[in-house]
Structures are given as C-alpha cells and as structure tokens.
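The values are calculated or read from the model by the stated rules, or taken from the named source; none is laboratory data. On a predicted model such as this, the values are computed, not experimentally measured, just so you know. We place every Cβ from the backbone using ideal geometry, glycine too, and count neighbours over all the protein chains shown. Please note that ligands, DNA and RNA were not included when accessible areas were found on the heavy atoms of the full protein model with its side chains. Shrake-Rupley method; radii C 1.70, N 1.55, O 1.52, S 1.80 Å.
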Amino acid sequence: MGSDAKKTELAPGTLEMLILKTLERNAEPMHGYQIAHYIKRISNDVLRVEESSLYPALQRLALKGWVKSEWGPSENNRRARYYKLTPAGRKQLKQEVADFERVLEAILRVVQPA
Amino acid sequence: MDKLSQLWRRLLFHLRRDQFDRELEEEMRFHLEMKVEENLAAGISPEEARYAARRQFGNQTLLREVSRDMWSFRPLETLGQDLRYGLRMMVKNPGFTVVAVLTLALGIGANTAIFSLINVVLLKPISGREPERLVGVYSRDTTRADDYRLFSHPNYTDLRARSEVFDDILAINLFSAGVTEGDTTRRIMAVKITSNYFSVFGVQLAQGRPFTAQEETQHAPVAIVSHRWWRQHGASPDLVGQSIRVNGRPLTVVGVAPEGFTGPITFFSTDLFLPLSFDQLGAEAAGNSLQDRKRHDLRLVGRLKQGLTLEEANARLKLISAQLAEAYPDANRDQLVTVSQLPRMAISSAPRNDRAQIATIGAITLSLSGLVLLIACLNLANMLLARGAARRKEFAVRQALGARGGRLVRQLLTEGFLLAALGAVAGVVLAALATDWLFASMAQSLPFSFDFDPWPDVRVLAATLGFGLLATLFFALGPALKTVRLDVNTELKEGTGETVRSPRGKLLATRNLLVIGQMALSLCLLVAAGLAGRGAIQAIRIDPGFDLDRSFFLQVDGSLAGYSETEARQLYRRVTERVSSLPGLEAAGMALSPPFADLVFGQRVQRGGAPFPPPQDAATPAQGKAIPANYNVIGPDYFRALGVTLRQGREFRSTEFTDAEAPRVAVINSVLAEKLWPGETALGRTVQLAGGSEADDPGTGGFAPLEARPQQAFEVVGVVPPFKVDLFRRGDHPMIFVPFGQHYFAEMYLHVRALPTANVDALIREVREEVRRLDPALPMLAAKSLRFHLETSSGVLLLRIGALSFATFGGVALLLALIGVYGVNAYMVARRTREIGVRMALGAGRSAVLRLFLREGLILTGAGLALGMVLAGLVAQLMSGILFEVSPFDPSVFGLASALLAGAALIACLLPARRATKVDPMEALRRG
C-alpha cells in the first residue's frame, strides 16, 4: 500500500468535515480529485487526502444522505462523478464545525501557556 | 438522522449492485488518470508517472471492498454466502445429508412430539376470551379437612345473583348420554349447561343460538352440538333445526359450538350440550332436581370481575358464604365457597392444581426425548468430525488465503444449522403424524373426543426451532472448533490431508468418547423402553382374582331408550333371569361398574350401630374413622358370574335386587372387614355409608360424584376376598357392594360366566339375541369378554402408549448408536489401511487383523455399557414413580437391554473389521 511518510494523518471523522466544508465553499459540484486537490492546496500541502480514505468517506457521506452525486463531463471532457452538498449535509456541517471549534478551543486552552 | 432513508439507499444499492461497482470503478479510473496527468505536468516520464500514480492510489480492490462493505448488510451477506455454500455442500454429499437429516429428524421430532403434547395439556390457554379470569368455584365443608361438594341449582342461582365477585358464573353437569342413530345407540359424554355457558367463556356459536334462560330451567327438547360433531355428521349447513335422539328422546339442534372449543378443560371436550333442565333419568323426575337444595350435582366456573385477584375474591366469598349459611342453615351450614385457578385436565369438585403433576410427567418424558436428541447430536458430531478431517485441506487453503478462524467456524455452524433446519422440518412432520395417530388410537377407546390439532402452533414451532438451534450448538460447534484449529503449514504439506497421529485410536479420543456416550445413553433409553414395555405386558397378565377368560359382560342402559326407573328395574330383573336360564353358562349377575372401568364410584364407610341418625358427620368412637371404599351396586349371582368365591355369608337375593324396601344389606371385602373390625367377624354387623368424597375417591379423579345419601345402615351379609378392579391400585383396596334395590342406576353391566365347555363368543351372541328378544328397543352398548375389556381398557391403553413411545425412543437410540459405532470403526479401518498392509506384509494373518479391530470395538462397547448401566440406573430410579408393577432395577430388563446393545454393537464392529481383513497388503503399501 502506498503510504507516504511525510503525510499528516487526519483524525477519523475530520475528513468528512473537510469534504463537507470544501463542497460548501465551492458553489459548483466537485469530483473526487478536485476535492483532494483543493484540501491539499488550501492546507498548504499539510493535509493530504489519501484516495483510499477519500472515496470510502464520500460513500459514507452519500449513504448518510449528506452529499448527492451526479455524473458530468470534466474539464478535460471525460466523465466524472460530481458531488454536491445536500441540505442535510449543510446542517450536519454546521453541527460538526461547531463541535470541532468547541473541542479545538478546549484543547488550545489546555495547551496554551498560562 | 434519517435511518429509514438510509435503509432505503442501502436497498437501492442492493438492487443496483453492478451499476455501483461499475461507477466506482470508473470514478477511480478517472482519478488515476488525473493523477497521471498531474505527474506528467510535473515533468515525469509517462511510465514513471503512471506507476507513481498507481502507487499513490494504493490497493484498489481493498478500496472497493471497503466501499461495498459500507453499503451492504455485511453479516447478512456473509450468512447468505454461507447458506449458499452449505447448500452446495449438502447437494454434493447426498448420502451424508440424508443420514444427518434423518438422524436429526428423529431426534428433533421426538422432542417436538412430546412438546406438542405438553403444549396442549399444559401451556395452551383454554378456549375463550381472557381465560385467566375464568376460575373454578368450589364449596368446602369447614368442619372437615379437604371435603368438597358440588353445588345445588338454588345455591348456584344465589351466587349468580351476587355481583361482587363474578361478572358471570356458569354451571355444568356432566353425564353420559345415549345417542341413537339408525338402530344403534352410542354412549358419549354429554354436558348439561346453563344458558350463559358460551357467553361466560366469551365465545360465539359457530351456528345457531345458545340456550335461552327459559330452556335452562324448564324442560325443553333442544340441544347444541360441538363443531366436531357437526363435521362428523357431514358438516351440513342446516344441521341446526334438525332432530337428534338422545336417551330415547327427540331433541332439536339449535346451535353448533365454535371450532376447537373445549370448555373448562384443556384439550378434550364433550360433543353434546343440553340445557340444565334436561333430566337423563326421564321425564318422571324432570325439573324437580333443579329446585332441590340438597341435590349437589353442579360444577361452577366463574368469570372474575376485571382486576380482582383470587385472594380478594375469596375474601368476598367468605362473607357471601356466611350470608348463605344464615339464609339456608339446612343446606349451607359450614359451607365455604372458594375460587381457585381451573385445573388443566381434571373436572373435579375439589380445587386441584394438576399443573405441577403434569409438568413433572412432561419433564420426565421431555428429558427422555432429550436423550434421543442428545444421542442424535453425538452421532452427528462424530460424522462431522470425520467429515471435518476430510475437509482439513479445504480449510487450510482458506486460512492460508486469509480467512479468519471465526469466519470458518461461522461457516461450519451455518452448515450445521442448515442440517438442523431440514431435520426440524422433517421432525415437525414426523411429530404431527405421530401425535395424530396417537390421539386417533386413544379416541377409539374413550367415551369423549380430543380436540387436538396435530399441526404445530407458534409455541410448538418456537420450541422446535429451539431444539434445532440447541442441537446445532451441540453437534456442530465442537467439530467446527476442532476442524478450524489446525496448523496450516503441516496441513498443506501433507499430501493426503489425512494423517495418522497415533497408530492406535486412544480410548479417550474425542471420537471414541462420543461413541461411548452414545452407547451409554442408548442403553438408558433401551432400559426405559424395557421397563415400560414390561409394565404393559404385566398389566394384561395380571391375575385380578377373578375369571378373565370365561367371563364377559353386556352393557345395557334403559334410560337411553327412555325407560323410567320402575320400568328399568323390572326389565333388568327379567333380563337377568332369562339370560341365567340359557344353556352353557354358569351364572349371570348385574353390576353398576365392571372391573377396570373408567368410572369408579367411591363411598366412605363407617361402623354402624351408633345413635341413628348420628349427628352431622361427628364420628363417634364407636363408629371409628370413615374408610374410603370402592362402591358398587350389584345383583344376585354377581360374584358367581365373576368367578369369585365368597369367604363368608351369601350373595344378594332376587328380592334385594328389585325391592327398595327390602332390608338393607351389604357385602364387603375382607380388606374392609379387617379395617372395620380387626380380628373379628364382620358377618351380621352393620356399616354406614358416609357419602362419597372425591378427595378420597378410588380410581380416577373423574366423573364419579356420589352425593352423600342420607346416612343408612346396612347389615353385612357376605365377605368376599379382595380382587382387583382398578389397574393402578393394588388389589387390597376396601370395597363395599350394595344390592341394586338400594340404589338405582340406569346404566348396568350384566356379567356372565360361561361353563368351561362353552364357546364364549357364541355365548355372547346368544345372550345378545336373548336380550333383543326380550326388548328390541333396549340399547345394548358393549358386549365383550373381561380379558378383551382389560386389554382395551384406558389403563392398559395408557401403559401401551407409554411403552410404545419409550420403545420408539429406545429403537431410535439403538439405531443411532449402531450408526455411530459402525461409522467410527469404518473410519478407523479406512484410516489405518496402510498400517494393516504393513502388518499383513509382516505376516499378520486375517484373523489377527479381525481380532485387532474387534477388540477395539468391543472395548468401546464395554466402556459404553458400563457407563450406560450407571446412567440407566439413574433413569430407572427417576421412572420408578410411573412404572407399572415392575421393579425399576428389573434384572431381566437390564440384561436384555445390554445384550441387545452389545449384540448390535458387535455386528457394527464386525462389518468394518471384515473389510479390514480384505485389505490387499501390496495395494495398501503402494498407496501410502
């Protein structure tokens, strides 16, 4: 399995939130490669999304009804699967971001020097 | 989150699986190509770019699997896979499958059959709405211990008028009726009921209407029949309105009871319902009995008010009883009305809880049938072990390819469960056929019919499923664990997948232990079968103390043809005289109950002679204790007709036969004489009848209420030796006989004893003819020799059925043990072919080889028998309560059972051992 030593592992569940957030920011539907690329670019190459976790994560989101997918032509005129946030996904994202910020804030408070 | 829509998406996934896979594939391909392009753009060579992309992407198959897992119902899919695989395995080995399924069918079927009996007699609720609110109502004499009586109609009406305890309350009176169809009269159990009978149970008639309140109290020629009766009479849609003849009287059918309705008891029922006002003795006495406060012949069933507990009901009834006692001191003094749970099977004047008793018998039987299942499981475990050995390689390969142990165990368990499920289906069918046959054969010799539906209900099906699952765990888990726990490397390296780890099968090897256990359990069941069978044989071989072979009886009942008491008395006397005058017979005499009857009457007997009449039930020391005795009403020559010789005194005279005003006399047996006047002569003394109490009724707890008659003194004019009239009681039960003149019963048995030279069958025909000549209308119900009567009596039937079921268990167990022993030995021989070859090549003769294998088989058999003897001893101990005149440790039974098992085991060893001697040494060595 092609694992890259330099890559930062994401905590489970975080990837889903990042995908949802990515889809929210981009008004247009995105395909898997775009999503992975986007996350990598925005995080300044810190967060690398492995394909072997990206697609299962997308399936999970689809299963839960948070994203919807549609086939469409890509930039280079090939068929690609485009993902789109659903209203339920939007709600879920809000919830997850709130939770995440709360936890992050708590962690920062612990880590910050007094 | 919306679970439902998620489920929906999952289902969609299952419907469009291929599409899903295709799309995922395409999506990943697209991703990969994008990656390649990106690498190319970064200036890497095309080949390198593609390789790097693929490497970065990782394991595509795994990715696909993970996605698919997420969408599918994983455990269900595995189960489906296992089931498909299991089915394929079963089809591939039809021989194995058939033997395994049959083995399980017998094991599970035995348990299902027993459970379905337990279900009807113990678990199935009685008919009607909210049956838990239905209670038996009883009346107890508070001055005596455990002394209950039935209710008079006025008493019943009083209780029915009070609304503090019951929503409603019904009364019944069971009796046997004669139903005339064409020129034959059938005797059946019938029940007289109140008009609210069906509404108290909360059931609707299938057709017609219930009785009206007026029909309940004023004589009306109407009847309701059971659903079964309706079916047996052609299921005609217009039976209602037609006329039937009961006790010689035409009655109009006004209704048909609902299907499966059994009334207050659990699974058998009467077929004929008549209004309470019906008087079976004829119009002469009709109606009067209902007004009589001293005629206690009604049994009550009440529907408790909603939410009322038994304790609360009894507390309120105490108050009501006191008020009733005050209002009717004559009839109700010291009578306490109580309610308690309805018994399952008994119809009794005393509250009885027969559940514990039924449960005990059920538990014993179920544990015996459980043994059958256990043996079947041991057998199957052995077969699976052997097959597991054959499949070692398959499992080694699968494990090497990454299958986890748990997954393989689950696979094997699923295969086992498939076998068990098929076995259970076959078992349910077997059980239904067996119980159906059982009830059909019982119904032939009993005066009422069973309401038994042989097809299983939910409870029986659930129990069968339980048996199946239990069996699966028993027979499949062990072998599965053993099969899976293997060393992949050695297994794959071994060419044959079959290794001889120890050249000699150790006695304690699992396989051998299983066989030993099987043999031991089989011996238990054989011994149980032997003991039960011995009892059944014993029962028809008993020496009752009278002549079984030359005596026969003819059952007559004048009331069934509408005779009044006066007419019937005259008729019976003429019949006795005319029959006595026939050539070829020694004597003829009438009696109320024949020996081994289903219905036995009881009376308590005291010494007479105290102030007369004595104060209510206060036994003075001079009278002594009241002794429960078997009560019979007989005519002259009865004892001669039975072949019983009086020890002292005389038989009754013919004046005592017809004349109610003749001096009161009685004959007692020596047992009663010895109890009443120890060491003294009884002749010329007087006895008193203290009334019958069912609590100490001899015989069945059945339908034999003898109301306490006014206390009468009888002079003892004869003493007879004890003889046996009840199969399940020792012959030394006290008995008292009074002349027919003293106590009229419409239904009588004319006992006749043939001369040694006469042909009994011819004589039976002649006697029938003679009676028919005397009165063609008199219904003759049965004519049979006492031996035949004994052999077909319900007691013997019960023993036979018991013996038959035990014999079935034993037979099945024996068969299974045989298969087990044979299987293990055959397997051993197959496994050791090479060793045999070596031995023979080194000069061992065929007989030496035969001895080798026989010896091992016999050691197993010996160990099995030894263990079996111990277990069988325990089983016999357990059975001792239900055995009929057989010692639980009867040596002949134990000897025969062991010999049978040992003989069978010998044959099962001999066959494979013989095959061992046929091994060709060259061939065997070459193969190795």
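With angles folded into 0 to 90 degrees, how steeply does helix A:32-42 sit against the dominant principal axis of chain A? Use alpha carbons for both and round to 10.
That helix lies at roughly 40 degrees to the long axis.
Over chain B, with every protein chain in place, what whole percent of the accessible area is carbon and sulfur at 1.4 Å, could you tell me? All intermediate terms of the calculation are to be shown ahead of the outcome.
On the way: 24050 of 40870 Å².
Whole-percent figure for carbon plus sulfur exposure: 59.
Could you tell me what percent of the DSSP beta bridges with both partners in chain B are antiparallel, to the nearest 5?
Values: 76 of 94 bridges.
So the antiparallel bridges in chain B amount to around 80 percent.
Packing-wise, with mean Cβ within 10 Å as the measure, how do B:49-56, B:845-852 rank, highest first? It would help to have the intermediate numbers written out before the result.
Numbers: B:49-56: 16.5, B:845-852: 14.8.
Final packing ranking: B:49-56, B:845-852.
Over the stretch B:183-324, what is the mean sequence separation of C-alpha contacts under 8 Å (at least six apart), divided by residue count, expressed as relative contact order in percent?
Numbers: 193 pairs, mean separation 41.4, N = 142.
Rounded, it is 29 percent for the stretch B:183-324.
Tell me the net charge near residue B:201. Cut-off is 11 Å between Cβ atoms, residue B:201 excluded, with +1 for each Lys or Arg and -1 for each Asp or Glu.
Working: positive: B:129, B:133, B:303; negative: B:130, B:168.
Local net charge: +1.
At each listed q (0.05, 0.06, 0.07 Å⁻¹), what is the log10 of I(q)/I(0) that the Debye formula gives for the protein assembly as shown modelled as equal alpha-carbon point scatterers?
Values, matching the q order: -0.54, -0.71, -0.84.
Note the buried accessible area between B and A here, summed over both chains, with a 1.4 Å probe, in Å² to the nearest 100.
Working: alone 42170 and 8250 Å², together 47840 Å².
Interface between B and A: roughly 2600 Å².
Please report, ordered by residue number, every helix of chain B (full DSSP H runs) that is 15 Å or longer along its axis going by C-alpha atoms and whose mean Kyte-Doolittle hydropathy reaches 0.0.
On the way: long enough: B:3-15 (18 Å, 0.04); B:17-41 (36 Å, -1.29); B:46-57 (16 Å, -1.56); B:60-71 (17 Å, -0.68); B:74-92 (27 Å, -0.48); B:94-118 (35 Å, 1.80); B:310-327 (25 Å, 0.11); B:355-390 (50 Å, 1.43); B:405-443 (55 Å, 1.28); B:458-472 (21 Å, 1.67); B:510-541 (46 Å, 1.14); B:565-580 (22 Å, -1.34); B:760-774 (21 Å, -0.37); B:794-831 (55 Å, 1.55); B:846-879 (47 Å, 1.37); B:891-917 (38 Å, 1.33).
Helices passing the filter in chain B: B:3-15, B:94-118, B:310-327, B:355-390, B:405-443, B:458-472, B:510-541, B:794-831, B:846-879, B:891-917.
How much length would be gained if the chain were fully extended between residue B:359 and residue B:188, taking 0.36 nm per residue of separation minus their Cα-Cα distance, in nm to one decimal?
On the way: separation 171, 0.36 × 171 = 61.56 nm, distance 2.91 nm.
Working it through step by step, the gained length comes to 58.7 nm.
Give the residue list of trypsin sites (Lys or Arg not before Pro) in the stretch B:710-811 that are DSSP loop and have at most 10 other beta-carbon atoms within 10 angstrom. Walk me through the numbers on the way to the answer.
Values: sites: B:724, B:729, B:730, B:753, B:765, B:768, B:772, B:773, B:784, B:787, B:800; in loops: B:724, B:729, B:730.
Hits after loop and neighbour filter: B:730.
R0 = 25 Å: FRET efficiency of residue B:581 with residue B:646, Cβ-based, nearest 0.05?
Values: r = 23 Å, r/R0 = 0.92.
Result of the calculation: an efficiency of 0.65.
Could you report the accessible area of residue B:576 in Å², rounded to 10, computed with a 1.4 Å probe on the protein chains as they sit in the structure?
The accessible area comes out at roughly 20 Å².
How much length, in nm to one decimal, is gained on full extension between residue B:293 and residue B:15, taken as 0.36 nm per residue of separation minus their Cα-Cα distance? Show your work: numbers first, answer last.
Numbers: separation 278, 0.36 × 278 = 100.08 nm, distance 7.77 nm.
Full extension from residue B:293 to residue B:15 adds 92.3 nm.
If you keep only loop residues by DSSP, which trypsin sites (Lys or Arg not before Pro) in the stretch B:531-564 have at most 10 other Cβ atoms within 10 Å of their Cβ? Before the final figure, lay out each step's value.
Numbers: sites: B:534, B:541, B:550; in loops: B:550.
Counting only loop positions with at most 10 other Cβ atoms within 10 Å, none of the trypsin sites (Lys or Arg not before Pro) in the stretch B:531-564 qualifies.
Using a 1.4 angstrom probe on the protein heavy atoms only, line up B:720, B:66, B:458 by accessible area, largest first. Present the calculation step by step, with values, prior to reporting the outcome.
Working: B:720 0, B:66 60, B:458 120 Å².
Sorted by accessible area, descending: B:458, B:66, B:720.
In nm, to one decimal, how far is the residue B:70 label point from the residue B:88 one, both placed 7 Å along Cα→Cβ?
About 3.0 nm separates the two model spin labels.
Can you give me the relative contact order of chain B as a percent, contacts being Cα pairs under 8 Å and 6 or more apart?
Values: 1675 pairs, mean separation 137.0, N = 928.
In percent, rounded to a whole number, it is 15.
Based on DSSP H runs of at least 4 residues, each adding -39500 (n - 2.57), what is the mean residue ellipticity at 222 nm of chain B after dividing by all its residues, to the nearest 500 deg cm²/dmol? Could you put the intermediate results ahead of the total?
Numbers: 31 runs with 470 residues, N = 928.
Calculated from helices alone, the mean residue ellipticity at 222 nm is -16500 deg cm²/dmol.
At a probe size of 1.4 Å, how large is the accessible area of residue B:670, to the nearest 10 Å²?
20 Å²
Of all DSSP beta bridges in the protein assembly as shown, what percent run antiparallel (nearest 5)?
Working: 85 of 104 bridges.
Of all bridge pairs located within the protein assembly as shown, approximately 80 percent are antiparallel.
Roughly what would the spin-label model give for residue B:219 and residue B:537, points 7 Å off Cα along C-beta, in nm?
Output for this residue pair reads 5.6 nm.
Given the pairs B:124/B:192; B:192/B:305; B:482/B:918, which are separated by over 28 angstrom at their Cα positions?
Values: B:124/B:192 25 Å; B:192/B:305 25 Å; B:482/B:918 32 Å.
Going by Cα-Cα distance, B:482/B:918 fall outside the 28 Å limit.
With 25 Å as the limit, write out which pairs from B:294/B:724; A:68/A:94; A:94/B:3; A:91/B:3 have Cα-Cα distances beyond it, or answer none.
Details: B:294/B:724 34 Å; A:68/A:94 18 Å; A:94/B:3 20 Å; A:91/B:3 16 Å.
With Cα atoms farther than 25 Å apart: B:294/B:724.
List the extent of the Cα atoms of chain B along each of their three principal axes, largest first, rounded to whole Å.
Sorted largest first, the three principal extents are 131, 80, 55 Å.
Which whole number gives the average, over all residues in B:30-42, of C-beta atoms from other chains lying within 10 Å of the residue C-beta? Before the final figure, lay out the partial values.
Values: counts 9, 9, 2, 5, 11, 4, 0, 2, 2, 0, 0, 0, 0.
Going residue by residue through B:30-42 and averaging, the value is 3.
Taking only C-alpha pairs under 8 Å that are 6+ residues apart, what is the relative contact order of chain A in percent? Could the numbers behind the result be given before it?
Details: 107 pairs, mean separation 29.9, N = 114.
Relative contact order of chain A: 26 percent.
For residue B:582, what accessible surface area do you get with a 1.4 Å probe? Give it in Å², rounded to 10.
For residue B:582, solvent-accessible area is about 30 Å².
Could you run the Karplus curve 6.51 cos²θ - 1.76 cosθ + 1.60 with θ = phi - 60° over the stretch B:241-253 and give me ³J(HN,Hα) per residue in whole Hz, x for Gly and Pro?
Calculated HN-Hα couplings, in order: x, 7, 10, 10, 10, 10, 6, x, 10, x, 10, 9, 6 Hz.
Quick one: net charge of residue B:133's neighbours, Cβ under 10 Å, K/R +1, D/E -1? List each step's numbers first, then the result.
Details: positive: B:129, B:303, B:305; negative: B:130, B:132, B:167.
Neighbourhood net charge equals 0.
With a probe of 1.4 Å, find how much accessible area the stretch B:113-154 has per residue, and write the answer as a whole number in Å².
Details: 1560 Å² over 42 residues.
It amounts to 37 Å² per residue over the stretch B:113-154.
Please report the net charge: other residues with Cβ closer than 12 Å to the Cβ of residue B:262, K and R +1, D and E -1. Can you show the working numbers first?
Working: positive: B:124, B:228, B:344; negative: B:259, B:271, B:451, B:453.
It works out to a net charge of -1.
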